[in-house]
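Participant: Here it is: the structure, laid out below.
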Amino acid sequence: MRKPLVMGNWKLNGTKDSVKALVTALLDSANKASPKADVAVCAPAVFIGMVENLAQGSSLKWGSEDCDIHTQGAYTGENSPVMLREFGCTYAIVGHSERRDYHKESSEYVAQKYKCAQENGLIPVLCVGESEKEFDEGKTMDVIREELKAVIDLCGIKSFEKAVIAYEPIWAIGTGKTATPEIAQKVHSDIRAYLASFDADVASKVQILYGGSCNAKTAPALFAQPDIDGGLVGGASLKAPDFSAIIEAAVANA
Ligand code: PGA
């Protein structure tokens, strides 16, 4: 059985005060959920030390929204997986569509981030997903296979034993247009089938999260799908009551 995971992706949001209030309010939900579901927040790097201080000793895990392909050196502005581990991060999101798009990160580059994160003790959360045009043209799985293959080529299929996948249709991110549970389930099951063509055991065990306007309203039906193992949540993860309701939906379907 796969344990559900609900992960917040704060993106470029937060103040010292809001981070303190949000994390404090989530500790109870995360502790209550922990026998059945894991809960994590991925924060802007500048807030990670604060999250560590607030969440230490609780069941709430934390991570970064990105990481570099190097562990140290002359790479101005980057954050290394080694540094992120030092601040207690469990996860690093890699290949979010906002980074693939705005920062022109290729699938090969994302695979290097995944590798560096994993080699240095972080669990990479690999985001995959298609644009609206690609969805309309029926190219969803072509896009996703390419994104997954880059990682399989560099790190091998077994690397997914220590990774998480997040299916995030780009047309659903921040738009309020959640994929229907049926659409999402089909893609999740296609992802699992693709991975199973390399290794059935790995495919059956890897957590595949859904992301894209996942909120308190849409989460219950999404999480009821057999191949959806939780959510990667943007906007709705910034409000403690909304995020807690999503956590409860994961617990109810565990
Ligand atoms: P959203 O973002 O929940 O605000 O749509 C999800 C994400 O981009 O991870």
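Participant: Along the principal axes of its C-alpha atoms, what lengths does segment 96-136 span, in descending order and rounded to whole Å?
Facilitator: Over segment 96-136, Cα extents along the principal axes are 38, 17, 14 Å.
Participant: Non-local amide H neighbours of Cys67 (under 5 Å, H modeled in plane, Pro and chain starts lacking H): which ones?
Facilitator: It is none; the list stays empty.
Participant: Let me ask something additional. On alpha carbon coordinates alone, what is the Rg over Rh value for segment 1-110, Rh being the Kirkwood radius? Show your work: numbers first, answer last.
Facilitator: Details: Rg = 14.6 Å, Rh = 14.8 Å.
That ratio is 0.98, to two decimals.
Participant: Find the relative contact order for segment 5-252 and round it to a whole percent, using C-alpha pairs within less than 8 Å whose residues are 6+ positions apart.
Facilitator: The normalised contact order for segment 5-252 reaches 20 percent.
Participant: Next up: Project the alpha carbons of segment 120-193 onto their principal axes and report the range along each, largest first, in whole Å.
Facilitator: Largest first, segment 120-193 extends 36, 21, 18 Å along its Cα principal axes.
Participant: Long-range amide H contacts for Gln207: which residues qualify at under 5 Å (H placed 1.01 Å from N, peptide plane, sequence gap of 5 or more or a different chain)?
Facilitator: Counting only residues 5 or more places away or on other chains, the set is Ile165.
Participant: Leaving out ligands, DNA and RNA, and with a 1.4 Å probe, what % of the accessible surface on segment 5-252 is carbon or sulfur?
Facilitator: Of all accessible area on segment 5-252, carbon and sulfur atoms account for 53 percent.
Participant: So what is the 222 nm mean residue ellipticity for the chain from helices alone, if each DSSP H run of at least 4 adds -39500 (n - 2.57) and you divide by all residues, rounding to the nearest 500 deg cm²/dmol? Present the calculation step by step, with values, prior to reporting the outcome.
Facilitator: Details: 11 runs with 112 residues, N = 254.
That calculation yields -13000 deg cm²/dmol at 222 nm.
Participant: What nm value, rounded to one decimal, do you get for the distance between Ala196 and Phe87 when each label is placed 7 Å out toward the C-beta?
Facilitator: 4.0 nm
Participant: If you don't mind, there's one more thing I want to ask. Most fluctuating residue of Gly174, Gly231, Gly129 in a GNM of the chain with Cα springs under 10 Å: which is it?
Facilitator: Gly174
Participant: Connecting C-alpha atoms closer than 10 Å in a GNM of the chain, tell me which of Asp199, Asp227, Asp136 has the biggest fluctuation.
Facilitator: The residue with the greatest mean-square fluctuation here is Asp136.
Participant: Taking the Cα centre as origin and putting +1 on Lys and Arg beta-carbons and -1 on Asp and Glu beta-carbons, what dipole magnitude results for the chain, to the nearest 20 debye?
Facilitator: It works out to roughly 600 debye.
Participant: If packing is taken as the mean number of other Cβ atoms within 10 Å per residue, what is the order of 214-222, 55-63, highest first?
Facilitator: Descending mean neighbour count gives 214-222, 55-63.
Participant: Over segment 5-252, give the accessible area per residue in Å² for a 1.4 Å probe, as an integer.
Facilitator: 43 Å²
Participant: Right, here's the next one. Looking only at Leu12, Leu126, Leu84, which one moves most when the chain is put into a Gaussian network model with springs between Cα atoms under 10 Å?
Facilitator: Comparing Leu12, Leu126, Leu84 in a Gaussian network model of the chain, the most mobile one is Leu12.
Participant: In whole percent, what relative contact order does segment 67-167 give with Cα contacts below 8 Å and a gap of six or more residues?
Facilitator: Once normalised by length, the contact order is 29 percent.
Participant: Throw me the Rg/Rh for segment 200-254, computed over C-alpha atoms with Kirkwood Rh, two decimals.
Facilitator: 1.01
Participant: Rg over Rh of the chain, using C-alpha atoms and the Kirkwood radius, what does it come to?
Facilitator: 0.93
The values are calculated or read from the model by the stated rules, or taken from the named source; none is laboratory data. What you see is a predicted model; the values in this text were computed from it and never measured. Neighbour counts run over all protein chains shown; Cβ positions are idealised from the backbone, glycine included. Calculation scope for accessible area: heavy atoms of the full protein, side chains included, ligands and nucleic acids excluded. Shrake-Rupley method; radii C 1.70, N 1.55, O 1.52, S 1.80 Å.
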